[in-house]
């Protein structure tokens, strides 16, 4: 796990007031721990999993194989500019999908998770709408700064 990607996701969840749990596990080096983490998350009524992975990037797929909940994979730049990780996450076999975001985009993984949870939550949907307005305002401010 790359701390920077996790920090981006945490910042988004904190901004939106989302409860979350975070841990480190490896699909290859601690496969039993991965299963334990998934089982514990199910007991705690998790809504979405976010799995940050590099190199072979099997963690998102392993998580997806053990849950019916949505899984978002975040590829990281461990080698090959992160393209190896991206392709590993994108190329899931039929029937075990993993959503994915761009290389190193833990922030977008957080937003996507919130969008999934907002499907049945009007309050969260309103927070997302406000967030988008903030993003638009920042772009407008940046555009105006070019004229100064």
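Along Cα→Cβ, 7 Å out, is where each label goes; now give me the distance between the ones at residue 132 and residue 23 in nm to one decimal.
Simple spin-label model gives 3.5 nm for this pair.
No solvent, one uniform scatterer per C-alpha: report log10 I(q)/I(0) for the chain via the Debye equation at q = 0.18, 0.19, 0.20 1/Å, two decimals.
-1.06, -1.15, -1.24
Which value, in Å to one decimal place, does the Kirkwood hydrodynamic radius take for region 1-85 when every pair of different Cα atoms is included? Could the numbers behind the result be given before it?
Working: mean 1/r = 0.0751 Å⁻¹.
This gives a value of 13.3 Å.
Based on Cα coordinates alone, diagonalise the gyration tensor for region 65-148, multiply each eigenvalue by 5, take square roots, and list the semi-axes in whole Å, largest first. Numbers along the way, then the final one.
Working: eigenvalues 179, 92, 11 Å².
Ellipsoid semi-axes (Å, largest first): 30, 21, 7.
So what is the relative contact order of region 3-121, in percent, for Cα pairs below 8 Å that sit 6 or more residues apart? Write down the numbers at each step before the final one.
On the way: 193 pairs, mean separation 32.9, N = 119.
Reported relative contact order: 28 percent.
Which of 39, 125, 134 moves the most in a Gaussian network model of the chain with Cα springs under 10 Å?
134
Any read-out appearing in this document is the output of simple, stated calculations on the displayed coordinates, not a laboratory observation. Just so it is clear, the model here is predicted, and its values are computed rather than measured. Note that each Cβ is placed from the backbone with ideal geometry, even for glycine, and that neighbours are counted across all protein chains shown.
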